[in-house]
Each structure stands twice: as structure tokens, then as C-alpha cells.
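Heads up: the structure comes next, in C-alpha cells.
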Amino acid sequence: MKKINEEMLRRIRVAAGEEPADLVITNCRVADLFQLEWFEEDVAIVDGTVVGIGKYEGKQVIDGLRRYLVPAFMDGHVHIESSTVTPPLFAEVLLQHGVTAAVCDPHEIANVAGVEGIQYMLDASENVPVDLYFMLPSCVPSTPMEEAGAVLDAADLAPFFQHPRVLGLAEVMDFPAVAKGSEGMMEKLTLAYQDNHPIDGHGAGLDGRGLNIYRSVQIQTDHEAITVEDAKLRLQRGFYLMIREGSGARNLRSLIQAVTPANARRCLFCTDDKHLDDLVTEGSVDYNVRLAIQEGMDPLLAIQMASLNAAECYNMHDRGAIAPGYRADLLLLDSLDEVTISMVIKDGKIVVDKHEQKQAVITSLAESIMPKPSAPPAKILHSVRLAKLEEEMLQIPATEGSHAHVIEVIPGQLLTHHLLEEVEVEQGYFHPSTQLDQLKLAVLERHRGTGHLGLGIVKGFGMMKGAIASTVGHDSHNLIILGTNDADMLTAIQAIEQIQGGLAVVIDGKVEATLALPVAGLMSDQGVADVLKEWEQLDQALQAVQFTPGINPFLLLSFLSLPVIPHLKITTRGLFDVDRFTHIDVIQPEAMVMGQ
């Protein structure tokens, strides 16, 4: 208490101009996000907090050189695991893009390793130079129809709510469990609700009635809108609208049209799932802001969505603005329209300065504040446990003239189409056809070695040869394989088992490239440069496989086993009709085809 009193008294003295601030930023245009205006005043900072706007003296003075001073950005919803690097390296990348806080959902690793996975993410993100907050996974597994590596109930989650960086309950994606009032789901919702913890939603494909159900149990956000109509309906129902722009789901250009000065305070940005190469080259939330401005949004409004709105959504009332009492997480922008970040200030200290003459010094500083990575538990490092698989087990029985239920992927979307098409048949089995763009899809249980295997047919990839495989298969993260032939698919499975998780590309029986992700089969234990190099090798191998131009095959593949997003998906138990919420046969009985 005495220390807090002393800190408060010092803030008062500095704010009153009675003693110099730790840092004063002068000669810049400062963003007023409360009134959406720019003003020109000094900004005084002490102990990592803004305490004064006006004329101040400081122990350190930064000349803003007429640049734009804005609050640092915050990602409203992100899965660190999708970056394929561990929390410290993820934080390092975010910092370069002006993101100093993120609300993270560790349900990817929780589906693999349960409470141990959550604890690892909390431990590994301790003391990193970005504030990584966490929402607790609400749906592990995402539906009862899946085989994840763990099952988490309310009792498993309850102790984590005591952690200072745990904010609430993460995206609720099992809508049937909510609608039916299932006991397990009600216990989780009550656990969050009773202490006023925020609850995130996942309302993919929900109509107005479904959204009513979600809001009635205090689910307050949703990031699954894909059209202007979706966005407006969610805002009308009282949701915070998260506008997502990730690697796979790119919804910003359409959704930004729904944002107006009247409703913008209920809107914020998120990335959800973004691969490392996209984070490095495009950026994080800074890319969302840049894209929104390109689409015609007032820069101040876009910056407000990326900072103040996100903070207030999660009851963080000490960040997201430049005003006394707010945390001194700030950015200096050279260009407003391009959102060109020249300096990042975290807790009142310069952590990134992109001016050439200071780069070496700041790089050294950034390295010095990065903690040593936490060693993951053995369970997390050895998570690929496969039953023995023979090539003939990959075959789908069919007769000449058979029609099949086919998954059609949609580039840039997580939704799929549900098609019924005639397929090629050879010797009583489905034969993949590159000409018809009908490829074989398989999901193999990889947590307990049960041997459960789901098979299906997919189109839209335009794949001409070989096979690809990955242990990144949302959300249960079983082993998912796509191929033009069974032999290459089997080789890809064996390659993944050998590296204990990751991505693989196989052509004509040869493993062309892999990205090893031994941390739960989701993240690398290597540095950013090493992971980027492996991504580059994967991209080169994918070019040889020849996919449809403009698609990200591994990203599209990773969401085909998520049976909570319409319309047709696949699990270890087989093909899953999300609309009917049941498994169905791949091959449609001839009598039913004739009856359509």
C-alpha cells in the first residue's frame, strides 16, 4: 500500500509540473480518441503512465518531428498457436507492428494437452514485452462429435480464473449445447458470469434467433460475421462486432462497410488465425487499420477500433487512449494513411525505433527484455500417437455412377459448400480426379492412437499431384491429409509422425518439405528466422504441387475438420453435415440420388 501511495503522489507532482516527468514527447500531432480529433501538446509520462497533457519538462525528451502519436494497438481475439511460434516469439513479432496487447484463446493447445496446455501458454507468456491476456477455452472438444486430446469441464477451468492475465471465457462455439442448456455448458457460462467475466461468442451461421440465445446468456462478442447484414444484426443484438482479417478468413473489406460513426464504438479488430509469414510481411492489427483506411474509413476511427474500443470491450479502462491515467503504450507514425510505425513505446519505454541510426541499439534492447522460452512438458512435446495404418484403409468404397457428398472450399472463407456430385470409380473405390478437382481428404486421430479415420472428398484446391498433411486441424488438431493418391498420402502421414507434428508436402513418394511443429503439433521450438525459412521451403514445394492460384492450401485444410462452421466438414468419425449436426455417408445411396 505504501508503495502505491508513493507512486500516486509522484504522479500528482509530475502532473502538477512540480517535478520532471520520466519521459516527455513533444512536437507531434496527438490522437484524441474520445472526440476523434488531433491536438498538439506535450505528453508527460511517469512510471509507464501518461500523467499530463500540456507543457512539461522531462528527464528524457522525444522530439516527435511532427509525426502522429497514437495509442498502441490491441488484438481483440487471436490464437497464438496459429502463428506456429511460441508466445515469446509471437510477442516479438507483434511488437514490431505496434501491437502491445492481445486477447488470446489457447483452445488450440488445450484441445491437444488440456490444462497442461493452458498452463504452458500462461507460463511461456510471462514477462514478455507484450501484454498477452487469455480467455479460457469453453469448448474442448468443440463438439461431442470430435476426438480431441482432452476434455475440459468447468472444474478444470475454475482455478485459472484466479490468474491475473485470465480475463474470461473464450469463444463459445458449441451452439447446440447452449441452445439445449446442457449442464456442462451452463456450468462454464455460470462460472464466468457470476464474477462478471466477459464471454466471447462464435456465431458462425447463426440467424437472429440463434443470436438472441447467445446474448441471453451474456455472450458479448462475435468474430464470425462475413456480410454487412451479419454485422448489422450482431450490432443490433448488442454484440461487440469483431472485424477479422487473418490468413484464411479475410472479412474486413466487406464488414467495414457496416461501420459508421454511430456504431463504431461497438466495433474492434482481430486477426483470429494468422500465420507467421503473413504476420511478418502484412502485419497484425496494424494491417487491419491500414486496410480500413484504404477502404475509406477515417484514420482516427480505425485507430480507435484498434485500441480504445478493444480495451473497453474487455473492461481494460487504463489503456487504449492518450490521456492522464492511461498506460503509456504509444506509437509514433510517420504516415497516417499507410500506418507506418517509426517508434513503439511500451510502458513509457522505447522498445522499437525504426530510424536507421538507432536500430542496432533498439534491437539489442528488444533482445534483452525477451525472456528465455519455457520448456514445454513432455506430454506437449510428444503429442503425435498414431495407430498403424495401411494404404488400403484410405479407400472409399463406391460403385460406377456413384454420387458423393463433396466439400467445396471457398477461398478467403471458413464456410464450405455442400455439393452432391458424380465421382470417378476404379475397381470399386473412389478415384481422385485432378480433372474434376475431386481430391481425397482424411482425418486420422493422433492423440491416443485409436486408429479412427474419417474419409471424404473435397474440391476447390485445384491440386494436381502429391499430398499434403498437417497436425494443425482446428479445433481438435488431429492429423488431416489431402491427396491425389493413397501412396503419397500414406508417406505424408509417416513424415508427420517422424517429426512429431507439423506440416508436410509429398510428391511421387518423396517428402519435398516439412515444417516441424513439435510443441503440441502446433508450434515450432525454433526462432522466427528458422521458421520463416521452413515456411519458404514449404511454399516452394506447394508451387510444384500446383494449387489454385490465390489460395493458402494449408490454411484452408486446417479448417476442414472444424464441425461448427457450416456447411460440410470432416472429423475422425467421417463426413459431418453441420446444418443437420450429424455424420453422413460420403457416397449417396443411388435411390436417394434418383429421388432428388
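The values are calculated or read from the model by the stated rules, or taken from the named source; none is laboratory data. Small disclaimer: the values here were computed from a predicted structure and weren't measured. Every residue, glycine as well, gets a Cβ built from its backbone with ideal geometry; the counts of neighbours run over all protein chains shown.
Within segment 512-528, identify whether any single residue is of a type in the set (Val, Ile, Thr), closer than 30 Å to Pro88 by Cβ and either in a loop (DSSP other than H, G, I, E, B) or out of contact with any Pro (no Cβ under 6 Å at 6 or more places or on another chain) (or both), and answer yes or no. Reasoning before the result, please.
Filtering segment 512-528 down to residues of a type in the set (Val, Ile, Thr) leaves 514, 519, 528.
Adding the requirement that they be closer than 30 Å to Pro88 by Cβ leaves 514, 519, 528.
Filter once more, keeping what is either in a loop (DSSP other than H, G, I, E, B) or out of contact with any Pro (no Cβ under 6 Å at 6 or more places or on another chain) (or both): 514, 528.
Yes, segment 512-528 has at least one match.
Scanning segment 475-502 for residues that are buried (at least 24 other Cβ atoms within 10 Å of the Cβ) and part of a loop (DSSP other than H, G, I, E, B) turns up Asp475, Ser476, His477, Asn478, Gly501. Examine segment 68-78 for a residue that is surrounded by fewer than 24 Cβ atoms within 10 Å (Cβ to Cβ), in contact (Cβ under 8 Å) with a residue 12 or more places away in the chain, acidic (Asp, Glu) and not in a loop (DSSP other than H, G, I, E, B), and state whether such a residue exists. No. Scanning segment 317-357 for residues that are hydroxyl-bearing (Ser, Thr, Tyr) and touching a strand residue (DSSP E or B) at 6+ places or on another chain (Cβ under 7 Å), which turns out surrounded by the most Cβ atoms within 10 Å (Cβ to Cβ)? This residue is Tyr326.
Among the residues making up segment 421-474, those that are of a type in the set (Asp, Glu) and either surrounded by fewer than 24 Cβ atoms within 10 Å (Cβ to Cβ) or under 15 Å from Glu408 (Cβ atoms) (or both) are Glu421, Glu422, Glu424, Glu426, Asp437.
This table checks each residue for (1) of a type in the set (S, T, N, Q); (2) touching an Asp or Glu at 6+ places or on another chain (Cβ under 6 Å); (3) in a loop (DSSP other than H, G, I, E, B); (4) at pLDDT below 95.
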residue	(1), (2), (3), (4)
Thr100	yes, yes, no, no
Val112	no, no, no, no
Gln119	yes, no, no, no
Asn127	yes, no, yes, yes
Tyr133	no, no, no, no
Ser138	yes, no, yes, no
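Among the residues of segment 402-427, the one identified as of a type in the set (A, V, I, L, M), over 17 Å from Ser558 (Cα atoms) and in a loop (DSSP other than H, G, I, E, B) is Val423. Of the numbered criteria (1) of a type outside the set (Ser, Thr, Tyr); (2) within 25 Å of Ala306 (Cα to Cα); (3) not in a loop (DSSP other than H, G, I, E, B), the one Ile213 fails is (2). Could you identify the single residue in Glu108, Glu171, Glu147 that is surrounded by fewer than 24 Cβ atoms within 10 Å (Cβ to Cβ) and either under 27 Å from Thr572 (Cα atoms) or of a type outside the set (Ser, Thr, Tyr) (or both)? After applying the criteria, what remains is Glu147. Listed conditions (1) at pLDDT below 95; (2) assigned by TED's automatic domain parsing to the domain that holds Asp123 are all met by Lys3, apart from (2).
On the basis of being more than 24 Å from Ser307 (Cα to Cα) and in contact (Cβ under 8 Å) with a residue 40 or more places away in the chain, does Val85 make the cut? For Val85, the condition - more than 24 Å from Ser307 (Cα to Cα) and in contact (Cβ under 8 Å) with a residue 40 or more places away in the chain - is met. Name the single residue, out of those in segment 229-251 being of a type outside the set (Asp, Glu) and part of a strand (DSSP E or B), that is farthest from Met74 (Cα to Cα). Here the answer is Arg250.
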